[in-house]
1. Across segment 14-39, what is the number of residues that are within 18 Å of the chain's Cα centre (by Cα), of a type outside the set (Gly, Ala, Ser) and either loosely packed, with under 13 Cβ neighbours inside 10 Å or not in a helix (DSSP H, G or I) (or both)?
2. If ARG62 meets every condition in (1) modelled with pLDDT under 65; (2) surrounded by 14 or more Cβ atoms within 10 Å (Cβ to Cβ); (3) within 30 Å of TYR11 (Cα to Cα) apart from one, which number is that one?
Amino acid sequence: MDKSANPRRVYRSKAQINEFVAAFEESGQTQQQFCIEHGLRPATFSTWLRKRRARQAPEGFRELRLGFGGSGALTVRLPDGIEVEFPHPAKTAEVASLILRLRRGAGGC
């Protein structure tokens with residue numbers, strides 16, 4: 001498709017996109033504020049952010065939520081609902097081993 005076919009559409013290079021995203025991340029503004037200030041379509045800018053963040057996420061990444069219950073036990077909650085509780089005081093080696101296994105993609109633990 002000829003990029004000059006739509007005169008209202010603005011095409012940006014990857015370098016320009018990366019500059020906008022970096023400027024946004026340092027700005028402290030909401031996406032909406034940043035887009036208004038820079039004349040960007042919010043939907044387009046949101047796509048740029050999503051793609052950049054997907055590229056930056058390590059392969060096999062698992063989100064972990066750590067918390068301490070009323071008993072002082074360390075609880076690891078995974079997005080799929082799996083919970084692992086370590087008694088207080090938690091053994092650092094056990095927690096580190098679990099995190100390493102999760103990073104390697106051993107999700108069946």
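The values are calculated or read from the model by the stated rules, or taken from the named source; none is laboratory data. Quantities reported herein were computed from a predicted structural model and do not represent experimental measurements. Reconstructed Cβ throughout: ideal geometry from the backbone, glycine too, with neighbour counts over all protein chains shown.
1. Final tally of qualifying residues: 4.
2. (3)
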